[in-house]
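Below is one structure, written out as structure tokens, with a few remarks after it.
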Amino acid sequence: MTPTRFPQSGLAPTALYEEMEAARANDVDWRRGRVALYVHYAGEDVLEVAKEAYRRFFSENGLGLKAFPSLRKFEEDIIAWTADLLGAGPDATGVVTSGGTESIFLAMKTARDWARVERPQVKQPEVVAPVSAHPAFDKAAHYLCMRVRRIPVGADFRADVPAMAAAITPDTVMLVGSAPSFPYGVIEGIPALGALARERGLWLHVDACVGGFLAPFVRRLGYPIPPFDFSVQGVRSMSADLHKYGFTAKGASVLLLAEQSLRPFLTFEFDNWPRGKYAVATFAGSRPGGAIAAAWAVMRYLGVEGYLRLAKSIMETRDRLVREIGAIPGLYIVGAPDLSVLGVGGRGLDIFAVAEELGRRGWFVSTMTDPPGIHLGMLTLAHVAHAGEYVRDLAASAEAVRAQNLQARSREASYGV
Ligand SMILES: Cc1ncc(COP(=O)(O)O)c(C=O)c1O
């Protein structure tokens, strides 16, 4: 920490904004597609709608839905629209959370408390997940005194369902499948996981944080998207991030539960203090009204037609990248990604050295460890116009590594550090 004192006097807005702009001088240029992670861009029009809606409800608080029926309506619409999109029945229920991590946390808390009633013999509740599941499951397990068993994936990088079945113990309460998994971009065999969950009386959570607002549209475009949502029997909860492919402001995700009867296991209620009953469904207390309003506004602005248009553009860019990267000597696409998350491996080339070369050419490069690769986290509209430049620089980087037999200085991969 740099020791600076709390500013004594205030700063006029003009000088203030100048200082803020100066602070971002070295931020990655996401508008020019230089990073395939963290920012989900859907064009200036969508951004403006999200910002304006956020600004209008900037001060309102999602903790006080009685005081703000507007936010209640927005949240109810978001839940109903998402349930419709993800094949949930009329009895489904849900909540708008602050992000994928909170949606996953709440799914695990709901499953844990459900198991306390339904499976009282469970001592230390466990979750069985593919190794590719997001770290949020372990983070939540840490807070909730649960345990995650991570099981190696199959040769196609999808959940190995027989291996997951073999890992179930008397303490298992939940199975996890991703749609898609972040490292590999593949959608698991959710029907097989659903059948296993039903047979063993377990809770199946589908983590569609990445794919929830993309896969249904990609399927409508004619791509072969396997069943992954509530249309699969056995799915009890799903997480789907509005702030990823919902293209809204950060701080918005949906957790859906298949049935209203599960809601009491989600909600936290407390009455033992002098201020009356406190009952919330989220981990957060106060919730930004702006994030809920912006999500509603973007969904309403885009509609199915707008999301289809964006999905088409993103998938065409994905197809182009798969084709052109696959043709670069020494590089290959990891597995057969279903959506817009791509891993790029190296054959006879140090792929981490390629990543470093690409970084030197002005790209913010993420890597993965198994298999070693460059990770194109999530493609959005920011990448459409720059895909050609990316492929050119990637090819030049691979060529430089081969010609000079370069070795990487670091083999670390990180995300969110
Ligand atoms: C598959 C998957 N699940 C969950 C998350 C966590 O989402 P968040 O960063 O919004 O908490 C991510 C983030 O990238 C993800 O890729």
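Expressed per residue, the C-alpha convex hull volume of the chain stands at 177 Å³. Packing here is the average count of other Cβ atoms within 10 Å per residue, and on that basis the peptides 325-338, 59-72, 348-361, highest first, run 348-361, 325-338, 59-72. Protein heavy-atom surface of the chain, 1.4 angstrom probe: 55% of the accessible area is carbon and sulfur, with nucleic acids and ligands not counted. Work through the residues other than Pro135 whose Cβ is under 13 Å from its Cβ and net out their charges, Lys, Arg +1 and Asp, Glu -1. Overall, the nearby charge balance is 0. Shown here is the pair-distance distribution of the range 21-126: with all Cα-Cα distances grouped in 5 Å bins from zero up to the longest one, the shares run 2, 8, 10, 15, 18, 15, 12, 9, 6, 3, 1, 0 percent. Using the 1.4 Å probe convention, the accessible area of the chain works out to 47 Å² per residue with neighbouring protein chains retained. Helices in the chain, meaning DSSP H runs of at least 4 residues, each add -39500 (n - 2.57). Divided by all residues, the mean residue ellipticity at 222 nm is -12500 deg cm²/dmol.
For each pair in Lys51/Lys73; Lys66/Lys123; Lys73/Lys250; Lys51/Lys312; Lys73/Lys109; Lys123/Lys244, compute the distance between the two Cα atoms and list the pairs where it is over 28 Å.
Checking Cα-Cα distances, Lys66/Lys123; Lys123/Lys244 exceed 28 Å.
The shape of the range 279-417 can be summarised by an equivalent ellipsoid whose semi-axes, obtained from the alpha carbon gyration tensor, come to 34, 20, 12 Å from longest to shortest. For the range 311-404, a crude dipole built from +1 on the beta carbon of Lys and Arg and -1 on the beta carbon of Asp and Glu, taken about the Cα centre, is about 140 debye to the nearest 20.
Summing charges over neighbours of Leu308, with a neighbour being any other residue whose Cβ is under 12 Å away from its Cβ, gives +3 when K and R count +1 and D and E count -1. Among Gln8, Tyr38, Gly89, which residue has its Cα furthest toward the positive end of the charge dipole of the range 1-114, with +1 on Lys/Arg Cβ and -1 on Asp/Glu Cβ? With unit charges placed on the Cβ atoms, the residue in question is Gln8. In order along the range 229-246, phi translates into HN-Hα couplings of 10, 5, 5, 8, 5, x, 6, 9, 8, 9, 10, 9, 8, 5, 7, 9, 7, x Hz, rounded to whole numbers, per the Karplus curve 6.51 cos²θ - 1.76 cosθ + 1.60 with θ = phi - 60° and x for Gly and Pro.
The values are calculated or read from the model by the stated rules, or taken from the named source; none is laboratory data. From a predicted model like this one, the values you see are computed outputs, not experimental measurements. All Cβ positions, even for glycine, are placed from backbone atoms using ideal geometry, and neighbour counts span all protein chains on display. Protein only, heavy atoms only, side chains kept; ligands, DNA and RNA dropped before computing areas. Shrake-Rupley method; radii C 1.70, N 1.55, O 1.52, S 1.80 Å.
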